[in-house]
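Here, each number is a calculation from the coordinates, and none is a lab measurement. This structure is a prediction, so every number in the text was calculated from the model and none was measured. Note: ideal-geometry Cβ built from the backbone for every residue, glycine included; neighbour counts use all protein chains shown.
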Amino acid sequence: MNKKIILYIACSLDGFIARKNHDISWLFMDQTYGFEEFEKSFGAAVMGRKTYDFSRQFSDPPFKGKKNFVLTSQRELYPASTDELIFCGYDDVIRYIKDGDDGEGIFLVGGVKLIADFINDNLLDEIVVAFHPLILGDGIPLFHGINKEVMLEYRGSEDFSTGLVKLKYLVKKQ
């Protein structure tokens with residue numbers, strides 16, 4: 001497997017990626033915080049159907065010019081796939097990761113179950129988390145359903161004048 005899989009995600013200081021109602025209006029949108037540079041490094045994005053449904057309000061497909069894998073159990077969506085928007089199951093994405101030879105990185109977008117599946121199956125290579133300087137108190141947790149301890153190696157941080165702090169970790173393979 002030669003594709004690097006990176007979880008690049010934002011969350012509140014108390015570890016929530018959205019409010020319970022999936023609202024993310026609290027995210028800082030005043031600048032890209034390095035995402036534009038990161039976007040140049042991957043050739044495919046993997047997301048769950050709920051994440052895709054939410055992202056459609058901004059762009060469809062979410063990442064133009066890239067393969068957008070949308071994991072769904074709704075097989076009736078599969079025929080609607082295009083070159084850039086691929087509705088599929090988890091096993092289809094795993095085949096792409098293992099058999100593809102383009103070597104481009106993969107952006108693991110979310111949601112929570114998909115993140116847990118990639119971590120539990122030892123597929124994740126890096127984690128980049130942008131912590132926003134606020135406490136939501138409740139919401140959708142960044143990590144839920146992880147069934148093992150995962151060791152990380154610190155690879156650096158970047159802080160911004162807005163108070164946002166971005167941390168980068170390498171996932172140690174076990």
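Consider region 138-174. How many of its residues are out of contact with any Asp or Glu (no Cβ under 9 Å at 6 or more places or on another chain) and among the small types (Gly, Ala, Ser)?
Counting residues in region 138-174 that are out of contact with any Asp or Glu (no Cβ under 9 Å at 6 or more places or on another chain) and among the small types (Gly, Ala, Ser) gives 4.
Take region 157-174 and flag every residue that is out of contact with any Lys or Arg (no Cβ under 7 Å at 6 or more places or on another chain) and either in a loop (DSSP other than H, G, I, E, B) or among the polar types (S, T, N, Q) (or both). Spell out how you get there, then give the answer.
At the first step, the residues of region 157-174 found to be out of contact with any Lys or Arg (no Cβ under 7 Å at 6 or more places or on another chain) are 159-167, 171-174.
Residues satisfying the conditions are 160, 161, 162, 163, 164, 172, 173, 174.
Please enumerate the residues belonging to region 8-39 that are surrounded by fewer than 16 Cβ atoms within 10 Å (Cβ to Cβ) and basic (Lys, Arg).
Selection gives 20 alone.
Which of the residues belonging to region 91-118 are of a type outside the set (Asp, Glu), loosely packed, with under 15 Cβ neighbours inside 10 Å and over 16 Å from the mean Cα position of the chain (by Cα)?
At the first step, the residues of region 91-118 found to be of a type outside the set (Asp, Glu) are 93-98, 100, 103, 105-116, 118.
Narrowing further to those that are loosely packed, with under 15 Cβ neighbours inside 10 Å: 95, 98, 103, 113.
Across region 91-118, the qualifying residues are 95, 98, 103.
Could you check region 32-69 and list, in sequence order, the residues that are touching a strand residue (DSSP E or B) at 6+ places or on another chain (Cβ under 7 Å) and among the charged types (D, E, K, R)?
Within region 32-69, 49, 66, 67 meet the criteria.
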